[in-house]
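Notes to accompany the following structure.
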Amino acid sequence: MVSAGHADIAKGADKRRIKGKMDLVDSSKMRMTKQRQVILDVLRAHNVHPTADALYAMVREQLPKISLGTVYRNLEILTALGEIQTLELSGSQKRYDGVAQKHYHIRCLHCGRVDDAPIAPLNRLEDDLYKSTVYTIMGHRLEFIGLCPECSKDKAAREAAEQAFAASSQALSQA
């Protein structure tokens, strides 16, 4: 559990990070446009953590005239407002999550599928680190990697993922 003092620090960090993105947008005057609402609804209806391009294709089913640029701009605004999360997972394009609350993800090394990890965030980890460092802890990101159920059944996918994981582990150990 994050103590009250640590929670205030984290909230302050969140506000500073959001303020940087929101300098162009006054959140008190920010209205939920039809396009923004459709983007949010589609993202929340499909828990697949899509890229902006994939989300654009899904949104175009409801709003055929929407542009990719509009989708990108609205994703940035929704992230800054705390309505969604932007996932910057290693080795892949940014993905978007309609669940704004802190939680972890699992990424398939073979196909790139991303799912929510069914465990609670390790807030105590931040508290422990806060007590033992001079850093101001603002949060943490944790990504699990492995093979999704479909890729786990494919022998070639398993072998390719094992080789890729071994190579990346070796590169990290030499750095």
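The values are calculated or read from the model by the stated rules, or taken from the named source; none is laboratory data. Please read these numbers as outputs of a predicted model, since none were measured by experiment. Note that we place each Cβ from the backbone using ideal geometry, even for glycine, and neighbour counts take in every protein chain shown.
Residues of the stretch 55-80 that are crowded, with 18+ Cβ neighbours inside 10 Å and under 18 Å from the mean Cα position of the chain (by Cα): L55, Y56, V71, N74, L75, I77, L78, T79, A80.
Per the listing A157, A100, the residue uniquely within 16 Å of the chain's Cα centre (by Cα), under 22 Å from V48 (Cβ atoms) and small (G, A, S) is A100.
Q174 meets each of the listed conditions (1) in contact with a helix residue (DSSP H, G or I) (Cβ under 8 Å, 6 or more places away or on another chain); (2) of a type outside the set (A, V, I, L, M); (3) loosely packed, with under 12 Cβ neighbours inside 10 Å apart from (1). Screening M138 with (1) at pLDDT below 85; (2) within 22 Å of T51 (Cα to Cα) gives one miss only, at (2).
Report yes if A161 is out of contact with any helix residue (DSSP H, G or I) (no Cβ under 9 Å at 6 or more places or on another chain), at pLDDT below 90 and either under 22 Å from L43 (Cα atoms) or aliphatic (A, V, I, L, M) (or both), otherwise no. For A161, the condition - out of contact with any helix residue (DSSP H, G or I) (no Cβ under 9 Å at 6 or more places or on another chain), at pLDDT below 90 and either under 22 Å from L43 (Cα atoms) or aliphatic (A, V, I, L, M) (or both) - is not met. Elements of the type helices (runs of 4 or more DSSP H) sitting completely within the stretch 1-78 and holding at least 2 residues that are small (G, A, S) and modelled with pLDDT of 95 or more: these cover 52-60. Could you please give the count of residues in the stretch 79-88 that are touching a residue at least 24 places away in the same chain (Cβ under 8 Å) and either in a helix (DSSP H, G or I) or of a type outside the set (D, E) (or both)? Looking only at that region, the number is 6.
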